[in-house]
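Undergrad: Okay, handing you the structure first.
Values quoted throughout were computed directly from the atomic coordinates according to the rules given, and no laboratory measurement underlies them. As the structure is a computational prediction, the values presented were derived from the model and not from experiment. Ideal geometry is used to build each Cβ from the backbone, glycine not excepted, and the neighbour counts take in all protein chains shown.
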Amino acid sequence: GSVFASLVQAPEDPILGVTVAYNKDPSPNKLNLGVGAYRTEEGKPLVLDVVRRAEQLLVNDQSRVKEYLPIVGLADFNKLSAKLIFGADSPAIQANRVATVQCLSGTGSLRVGAEFLARHYHQLTIYIPQPTWGNHPKVFTLAGLSVKTYRYYDPATRGLNFQGLLEDLGAATSGAIVLLHACAHNPTGVDPTLEQWEQIRQLMRSKGLLPFFDSAYQVVALVVWWITGGQIENMLGFASGSLDADAQPVRMFVADGGECLAAQSYAKNMGLYGERVGALSIVCKTADVASKVESQLKLVIRPMYSNPPIHGASIVATILKDSKMYDEWTVELKAMADRIISMRKQLFDALSARGTPGDWSHIIKQIGMFTFTGLNGEQVAFMTKEYHIYMTSDGRISMAGLSSKTVPHLADAIHAAVT
Ligand code: PMP
């Protein structure tokens, strides 16, 4: 018999398993709203024009070789990534207080950051929001941290449970790590306001809680905001749609001079999902500490995968360092955001037209790719069985997976599920 004969069959991943189930369904009307990847109105994956162009430039450049990158990755990419999240004029960058390493997309950045903390930080408890992205507890637990939760979402208002959040962080072990979604919280689409962020910052700093930002949707969320009525301008006093605004919470924490970590992903905002491009930055109090931190990050990375892949990071660096390409990127992002917002409106209108019981205004209020519908596991199972609509069992739907053609089918299914 096999030496592995005693293994039990493991369950599918709760998020990626949705696609596995979808692929097995022979129905022509099937609809996959499970995974957060952008789709066109025709339901096709999208490669940004600016990404294609950057790739062409890279391919045509005969001086480019396939040598190993350093353990920390592509130097240009790391600098540009830090600038994207902390701001081009960030005092922390200017003072060389930021250690940035290229990692395997957002997940890899979180994992490397967590393993570093498990080895070198004095507190092993990390607080994550309830609910959060399903992979968070697993990444942090396997890295050697001990996971606790803080209240975040209030199902009654379908908004932020700010009181609960303040109470739980207020009661947290001093010095503990706190995972914060930088913007477009997944799965709820609910973010604190900047005033609330400021209160969170003051509370966390007063208790010595260490912020670990997960930034998987930077720029995407901003563009959505920006289109939905220039709220950003009101909040921040911007004259034009600056693309920095949704990194604002992160920058508030950096501006106070304290330490923090940030994991960035280029999966959603550049559509580079499968290229696995991301960065981990650790903002330190001095350049000397940052240098030691970087040296220790290398010791985490080397035995894990030696060094990161070169192609995706080269695409990102090519785009971020060229102001024309950078602008093209934002225009293409705006088109993606426009389509997502239009899907939100169309779904909301379709439910209104059907007289579907309940208040569905959260569909147009929530931020980012996902709508946290409020549908329960039973209703989701019903929609999958009767309507061949696939989504995670917490009722999260990816608006980017919808199109004008499929909105009526989804609205019919939701209507049937709640009546
Ligand atoms: N954090 C959050 C909140 C996410 O939603 C995702 C992607 N779904 C990630 C991290 C990481 O994704 P990736 O590893 O593909 O960049």
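Undergrad: Only Cα pairs under 8 Å and at least 6 apart count here; give the relative contact order of segment 310-419 as a rounded whole percent.
TA: On the way: 104 pairs, mean separation 30.3, N = 110.
The normalised contact order for segment 310-419 reaches 28 percent.
Undergrad: Here is a further query. Can you give the extra length, in nm with one decimal, that the chain gains between T419 and R52 once fully stretched, where that is 0.36 nm per residue apart less the Cα-Cα distance?
TA: Details: separation 367, 0.36 × 367 = 132.12 nm, distance 4.64 nm.
Result: 127.5 nm gained on full extension.
Undergrad: Sticking with this one: Taking θ as phi - 60°, what are the ³J(HN,Hα) couplings along segment 267-281 by the Karplus curve (6.51, -1.76, 1.60), each to the nearest whole Hz, with x for Gly and Pro?
TA: Coupling constants for segment 267-281: 5, 7, 6, 10, x, 9, 2, x, 7, 6, 10, x, 8, 10, 10 Hz.
Undergrad: If you build the Cα gyration tensor of the chain and take the root of 5 times each eigenvalue, what three semi-axes come out, in whole angstrom, biggest first?
TA: Values: eigenvalues 218, 128, 115 Å².
So the three semi-axes of the chain are 33, 25, 24 Å.
Undergrad: In degrees between 0 and 90, to the nearest 10, how far off the longest principal axis of the chain does helix 377-387 point, with axes built from Cα atoms?
TA: 60 degrees
Undergrad: Among Y127, Y217, Y266, rank each residue by its count of other Cβ atoms within 10 Å, from fewest to most, as a rough exposure measure. Spell out each step's value before the answer.
TA: Working: Y127 21, Y217 26, Y266 29.
Lowest count first: Y127, Y217, Y266.
Undergrad: A further question follows. Going by how many other beta carbons lie within 10 Å of each one, how would you line up V65, V300, fewest first? Numbers along the way, then the final one.
TA: Values: V65 6, V300 22.
Exposure proxy ranking, most exposed first: V65, V300.
Undergrad: Taking 7 Å along the Cα-to-C-beta vector as the label spot, tell me the K44-S206 distance in nanometres, rounded to one decimal.
TA: Modelled inter-label distance: 5.5 nm.
Undergrad: Tell me, in nm to one decimal, what length is gained between D338 and L7 on full extension, where the rule is 0.36 nm per residue of separation less the Cα-Cα distance?
TA: Details: separation 331, 0.36 × 331 = 119.16 nm, distance 4.73 nm.
Residue separation times 0.36 nm, minus the Cα-Cα distance, leaves 114.4 nm.
Undergrad: Kindly list the residues of segment 99-121 that lie in the label zone of Q296, defined by a backbone N under 18 Å from the point 7 Å along the Cα-to-C-beta vector.
TA: Backbone N within reach: 99-102, 109-121.
Undergrad: Over all directions, how big on average is the projection of the convex hull of the alpha-carbon atoms in segment 11-134, in square nanometres? Intermediate results must be reported in sequence, preceding the final value.
TA: Values: hull surface 53.4 nm².
Directional mean of the projected Cα hull area for segment 11-134 stands at 13.3 nm².
Undergrad: Given the pairs K83/K405; K83/K138; K24/K321; K66/K268; K30/K66, which are separated by over 32 angstrom at their Cα positions? It would help to have the intermediate numbers written out before the result.
TA: Values: K83/K405 40 Å; K83/K138 29 Å; K24/K321 43 Å; K66/K268 26 Å; K30/K66 42 Å.
Over 32 Å apart, Cα to Cα: K83/K405; K24/K321; K30/K66.
Undergrad: Taking 0.36 nm per intervening residue step and subtracting the Cα-Cα distance, what contour gain separates T330 from D76 on full extension? Each step should come with its number before you reach the end.
TA: Values: separation 254, 0.36 × 254 = 91.44 nm, distance 2.00 nm.
Length gained, T330 through D76: 89.4 nm.
Undergrad: A further question follows. Would you work out the relative contact order for the chain, in percent, from Cα pairs under 8 angstrom that are 6 or more residues apart?
TA: Numbers: 736 pairs, mean separation 107.4, N = 419.
Relative contact order of the chain: 26 percent.
Undergrad: Given segment 242-354 reduced to its alpha-carbon atoms as identical point scatterers, what log10 I(q)/I(0) does the Debye formula return at q = 0.14, 0.15, 0.20 Å⁻¹?
TA: So the normalised log intensities are -0.83, -0.92, -1.25.
Undergrad: Sort T141, T384 by Cβ crowding within 10 Å, fewest neighbours at the top.
TA: Working: T141 13, T384 21.
Sorted ascending by nearby Cβ count, the order is T141, T384.
Undergrad: Relative to the first principal axis of the alpha-carbon coordinates of the chain, what is the inclination of helix 105-120, with its axis defined by its Cα atoms, in degrees from 0 to 90 and to the nearest 10?
TA: Tilt relative to the chain: about 50 degrees.
Undergrad: Also, quick follow-up: Nearest 10 degrees is fine. How inclined is helix 75-86 to the longest principal axis of the chain, computing both from alpha carbons?
TA: 60 degrees
Undergrad: For all pairs of alpha-carbon atoms in segment 316-419, what percent lies in each bin of width 5 Å, listed from the first bin to the last filled one?
TA: All Cα pairs, binned at 5 Å, distribute as 2, 12, 21, 22, 15, 8, 7, 6, 5, 3, 0 percent.
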